[in-house]
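Structure, as structure tokens:
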Amino acid sequence: GVGAFRVTPLTPPVSSAGSATGTATTTPPCTVTTTPPSSDDGNTPSDHDNTTTDVAPPQSNHQRRRQAFIWAILALSIVAAVLVSFIPSDSISNEGNKAFCDPRGEILGSRSQVKPRSGRYQALKGVLETTGVTSFHKPCTPQDFALTWLADQDELQLQPDEANNSSALQQRFAVAVLFFSTNSIQTFSSADTQQISNPWLISSTTECNWIGIACRNDTVTAIWLSELDLDGTIPYEFTAFLPNLRTLNLAGNHLTGTIPASLYSSSSALVELDLSFNRLSGSIDEEEWTIFNIEKLDLSGNLLLNGTIPSMGTLTNLVTLDLSLNEFTGSIPSDVFVLPRLIYLDLARNFLLGSLPDSFTPSIELMFLDRNRITGQLPTSIFG
């Protein structure tokens with residue numbers, strides 16, 4: 001038979017008065033008196049004694065929710081660990097690299113997860129480092145991404161041991177660095193750009209066939225990538241690895257950071273440099289401007305370029321100079337106004353000070369100096 005249970009409080013019950021007033025009381029622990037089952041004749045067996053057992057109070061809803069939350073966190077942690085274990089640490093594509101790096105280039109997880117680079121990677125690295133590139137020891141940089149692609153994914157498989165092949169290797173590397181520096185994979189893989197012909201990093205073709213690149217005798221001479229919503233920074237490898245680059249147009253994007261001094265402080269072949277309407281910042285007077293072949297220089301609309309305008313007297317081929325819509329300060333170098341071929345000059349909307357010179361080059365046809373703090377009178381020479 002089934003024994004009967006009688007629950008008896010260990011402390012006296014709360015009075016009805018206290019109960020009526022709604023006073024909160026603590027339920028005391030109870031004792032359970034177990035009465036053994038009766039025998040068939042109705043008598044209680046003599047070999048069973050009444051026993052008393054303490055019973056803990058039931059858990060509250062708050063305690064149950066807390067325990068459920070802890071178990072859920074533990075379960076999610078286990079699932080995440082299992083998923084991470086299936087991510088290949090030797091992934092070399094841009095998507096694979098994202099498993100270990102965030103967009104700022106920081107490693108996600110321990111460095112031990114990054115598989116040692118291949119022998120071909122090391123061989124190509126040795127060739128490229130002779131030109132001063134030093135970012136290969138840091139994983140997750142654009143240089144590291146570009147070299148990993150060049151070594152292990154590129155179907156052309158350029159060889160580092162061919163003396164006549166070093167310039168081709170440097171050129172292809174420089175273009176790949178620009179690709180990873182400006183997050184171009186977002187541009188060339190997004191839904192609205194699926195119809196782009198000849199996107200970048202197509203391994204079976206030379207870079208001269210990629211969109212926005214022009215070559216002469218298999219040598220890159222121009223890069224046009226304006227208004228493509230590119231972001232990121234401008235790499236400094238252009239001067240070192242693209243010595244024959246004559247045109248670089250990255251206008252109308254979302255590029256940030258500073259302008260590499262190598263773009264204006266070397267005797268490169270640049271004829272046109274257009275970085276207008278990005279989000280570039282910093283000064284442009286850290287080094288002397290020595291791009292003697294430059295004809296068009298447009299840095300307008302970046303808003304955050306600052307410092308003084310450097311001397312440009314050596315840029316005697318300059319035809320167009322536009323530095324408007326920035327934060328340049330100080331006086332305008334007098335040699336700017338006497339450049340022999342200058343036709344268009346726009347320095348409007350800066351914080352420039354000082355007075356105008358007494359004479360201007362007769363070649364100037366259009367000049368904008370408004371929204372500055374320039375004093376004095378326009379010289380009569382500009383009216384012919």
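No value in this document is a laboratory result; all are computed from the given coordinates. Note that this is a predicted model, so its numbers are computed, not measured. Note that each Cβ is placed from the backbone with ideal geometry, even for glycine, and that neighbours are counted across all protein chains shown.
Each residue of the stretch 146-157 is assigned a 3J(HN,Hα), and the resulting list reads 5, 6, 5, 4, 4, 7, 10, 10, 5, 6, 5, 6 Hz, derived from the Karplus form 6.51 cos²θ - 1.76 cosθ + 1.60 (θ = phi - 60°), x at Gly and Pro.
Order 246-254, 70-78, 230-238 from most to least packed using the mean count of other Cβ atoms within 10 Å. Could you put the intermediate results ahead of the total?
Values: 246-254: 19.3, 70-78: 10.0, 230-238: 21.4.
Final packing ranking: 230-238, 246-254, 70-78.
Once the Cα-Cα distance is subtracted from the 0.36 nm per residue extended length, the Ser359 to Ser204 segment shows a gain of 50.1 nm.
When a/c is below 1.5 the answer is rounded, else prolate if a/b is larger than b/c, else oblate, so apply that to the stretch 256-383 with a ≥ b ≥ c taken from the square roots of the Cα gyration tensor eigenvalues. Oblate. Phi angles across the stretch 64-72 convert, under the Karplus curve 6.51 cos²θ - 1.76 cosθ + 1.60 with θ = phi - 60°, into 3J(HN,Hα) values of 5, 5, 5, 5, 5, 5, 4, 5, 5 Hz, Gly and Pro given as x. The stretch between Thr329 and Leu156, if pulled fully straight at 0.36 nm per residue, gains 57.4 nm over its current Cα-Cα span. Ranked by the mean number of other Cβ atoms within 10 Å of their residues, highest first, the peptides 123-129, 211-217 fall in the order 123-129, 211-217.
Phi angles across the stretch 171-182 convert, under the Karplus curve 6.51 cos²θ - 1.76 cosθ + 1.60 with θ = phi - 60°, into 3J(HN,Hα) values of 5, 5, 5, 4, 5, 5, 4, 4, 4, 6, 5, 9 Hz, Gly and Pro given as x. Stretched out straight at 0.36 nm per residue, the stretch from Glu227 to Thr256 would grow longer than its current Cα-Cα span by 9.0 nm.
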